[in-house]
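Chemist: Dropping a structure here in structure tokens format, bear with me for questions.
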Protein chains: 2
Amino acid sequence: MAAEEQREYDPHDYPPVAATVDIVALTIRGDVPHVLLVRRGEAPYRNSWALPGGFVRPDEDLATAALRELSEETHLTVAPHLEQLGTYGTPDRDPRMRVISVAHLAIAAGLPEPKSGSDAADAQWVPLSRLGFGDGAETLPLAFDHAVILADAVERARAKLEYTPIATSFLPPEFTIAQLRAIYESLWNEPLHAANFHRKVRSVSGFVIDTGHIAPSGRDKGGRRARLYRAGEATLLHPALLRPSITSTTA
Amino acid sequence: MAAEEQREYDPHDYPPVAATVDIVALTIRGDVPHVLLVRRGEAPYRNSWALPGGFVRPDEDLATAALRELSEETHLTVAPHLEQLGTYGTPDRDPRMRVISVAHLAIAAGLPEPKSGSDAADAQWVPLSRLGFGDGAETLPLAFDHAVILADAVERARAKLEYTPIATSFLPPEFTIAQLRAIYESLWNEPLHAANFHRKVRSVSGFVIDTGHIAPSGRDKGGRRARLYRAGEATLLHPALLRPSITSTTA
DNA sequence: CCAATAGTGTCTGTAAGACAATATTGG
DNA sequence: CCAATATTGTCTTACAGACACTATTGG
């Protein structure tokens, strides 16, 4: 900020601004993507579902605040992927006061049940399909502008599947190519060609590394047992795995 | 934010938080990229260069605040491309108080001289090369964490050249393919194959549209006169124009 | 053996990078 | 005509998508 502004617009001249973080935590359970939501116990939007979040404490980093709020709602076994999504500060987004919220996207492998009995009366994993993403027709209403934040988060995640290895963040340390493909398919909401996906993933250097292990005997049905891989060192996929739907002409 | 938090952590329990916007305004002048900087007239970082910015006013949107601050420093003829870059809120980034700054990236065609005599004692277009981007060895120090913000902005712009048509935001309404190529070359800091660039740009649907006009007689030297194009409707380039340097193996 | 899943081989169309060749224009 | 810039042609290589085929494994 320019110091010159400081002279004209002293912060104390302004009504208080609250800084909060909101977290869009995504995980995959039973092959379908879920988001962590809490049920609000107070007005406004009492009884509506909302994204977990809260005030940024003094001397606390934004990412730290997001991680703290997230761990207050769910048991974290491993450090999730966490990135800043964007900041939402429309003047009237919260009817009580000016609230500027820094939204974060968190991704983790099959997180266990949310903590209940925490401050959040009710924290739950909700399938994205019940929020307008994917098949489901119904769309659960969300508090504040959280529907917009969620939409931005989902689009961010979908886009980053293309050129980063975040898909592996949804999975345990060792996984099969088929599991990885399931992540892509459920988030993009379209089937992928298994054989080509397999070859492509293995050809992107640094995406997955063969552990030499073999997956345990699948389910009831037969089928060859798959090799197990772990995430590689790459932070950018090259070449990218483009979404089939986007491959069609843009204009 | 979850209402439940509100109960435990009332905003009034906290020391004040200031919300500001900072703007990284980029433009091309004489074929080299420049960023708009202001010289600070007050402590801290008195006399250092800093990004333009200032407090978000009540009832003002974040983007509106960014646009206002930008237009206070430079004459805007057309609406620039403006996007949110990220939010910087490390507790001690401003020694005076807790300041959370929402950084924006602005891009516009050859902006004229900055306003002088405005609050900013001294607003100036500074070549990116003097800030550690490109050839120049010297690196001008910036106030606060503005060097980090600038680095993030430059990387964002470089990346978006690949898959969005933002390059056209640096140019006047009608431009030649060579001018467009100059934007890419100066920002990526590497030469591109003119013939292939020409064909590629024209093959991406919705990127540029032939106006039928012919550019005026170039400079002193000879050379065929180029066709003039205007920006198309596409918001995403397909296929993308990948940076040659990244084409090499990732891992 | 049959069904189901994993993984490999091949072929075709698209697109990128290299290089050559043609089209214009100022001097 | 010469130098310089714009634009088009071709060729080679990489890679995505389609499809056929081989490899395993449970029942």
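Chemist: Across the stretch B:73-91, which residue is nearest to residue B:124 (Cα to Cα) among those that are modelled with pLDDT under 95 and surrounded by fewer than 19 Cβ atoms within 10 Å (Cβ to Cβ)?
Modeler: B:75
Chemist: Would you check if residue A:110 is at pLDDT below 95 and either surrounded by 15 or more Cβ atoms within 10 Å (Cβ to Cβ) or over 16 Å from residue A:33 (Cβ atoms) (or both)?
Modeler: So residue A:110 fails the test.
Chemist: Examine the stretch B:160-176 for a residue that is within 12 Å of DNA strand D (Cβ to nearest atom) and not in a loop (DSSP other than H, G, I, E, B), and state whether such a residue exists.
Modeler: Of all residues in the stretch B:160-176, those within 12 Å of DNA strand D (Cβ to nearest atom) come to B:175-176.
Checking the rest, the ones that are also not in a loop (DSSP other than H, G, I, E, B) come to B:175.
The answer is yes, given that some residue of the stretch B:160-176 is within 12 Å of DNA strand D (Cβ to nearest atom) and not in a loop (DSSP other than H, G, I, E, B).
Chemist: Residue B:190 fails exactly one of the following numbered conditions: (1) near DNA strand C (Cβ under 9 Å from one of its atoms); (2) away from chain A (no Cβ under 14 Å); (3) in a loop (DSSP other than H, G, I, E, B); (4) closer than 28 Å to residue A:242 by Cβ. What is the number of that condition?
Modeler: (1)
Chemist: Out of A:206, A:212, I need the residue that is more than 16 Å from the chain's Cα centre (by Cα), among the small types (Gly, Ala, Ser) and outside any loop (DSSP other than H, G, I, E, B). Which one?
Modeler: A:212
Chemist: For residue B:195, are the conditions met, namely being within 13 Å of DNA strand C (Cβ to nearest atom) and in a helix (DSSP H, G or I)?
Modeler: Details: within 13 Å of DNA strand C (Cβ to nearest atom): yes; in a helix (DSSP H, G or I): yes.
When the stated conditions are applied, residue B:195 passes them.
Chemist: When the residues of the stretch B:87-107 are narrowed to those that are of a type outside the set (A, V, I, L, M) and in a strand (DSSP E or B), which ends up nearest to the other protein chains (Cβ to nearest Cβ)?
Modeler: Of the stretch B:87-107, the ones of a type outside the set (A, V, I, L, M) are B:87-96, B:98, B:101, B:104.
Checking which are in a strand (DSSP E or B) leaves us with B:87-88, B:98, B:101, B:104.
On the way: B:87: 5, B:88: 8, B:98: 6, B:101: 6, B:104: 10 Å.
Result: B:87.
Chemist: Could you tell me whether the stretch A:38-55 includes any residue that is more than 13 Å from residue A:126 (Cβ to Cβ), at the interface with another protein chain (Cβ under 7 Å from one of its Cβ atoms) and among the basic types (Lys, Arg)?
Modeler: Within the stretch A:38-55, one or more residues are more than 13 Å from residue A:126 (Cβ to Cβ), at the interface with another protein chain (Cβ under 7 Å from one of its Cβ atoms) and among the basic types (Lys, Arg).
Chemist: Looking for something part of a strand (DSSP E or B), more than 6 Å from DNA strand D (Cβ to nearest atom) and modelled with pLDDT of 95 or more - is there at least one such residue anywhere in the stretch A:230-241?
Modeler: For the stretch A:230-241, residues part of a strand (DSSP E or B), more than 6 Å from DNA strand D (Cβ to nearest atom) and modelled with pLDDT of 95 or more: present.
Chemist: I need the full set of residues from the stretch A:217-235 which are touching a helix residue (DSSP H, G or I) at 6+ places or on another chain (Cβ under 8 Å) and near DNA strand C (Cβ under 8 Å from one of its atoms), in order please.
Modeler: Of everything in the stretch A:217-235, those that are touching a helix residue (DSSP H, G or I) at 6+ places or on another chain (Cβ under 8 Å) and near DNA strand C (Cβ under 8 Å from one of its atoms) turn out to be A:226, A:227.
Chemist: State which residue is farthest from the other protein chains (Cβ to nearest Cβ) when the search covers only the stretch B:203-216 and only residues that are over 28 Å from residue B:127 (Cα atoms) and near DNA strand C (Cβ under 10 Å from one of its atoms). Let's see the steps before the verdict.
Modeler: The initial filter retains those residues of the stretch B:203-216 that are over 28 Å from residue B:127 (Cα atoms), namely B:203-206, B:209-214.
From what is left, the residues that are near DNA strand C (Cβ under 10 Å from one of its atoms) are B:203-205, B:214.
On the way: B:203: 11, B:204: 8, B:205: 4, B:214: 24 Å.
Restricting to residues being over 28 Å from residue B:127 (Cα atoms) and near DNA strand C (Cβ under 10 Å from one of its atoms), the top hit is B:214.
The values are calculated or read from the model by the stated rules, or taken from the named source; none is laboratory data. Since this is a predicted model, take the numbers as computed values, not measurements. Cβ atoms come from the backbone with ideal geometry, glycine included; neighbour counts cover every protein chain shown.
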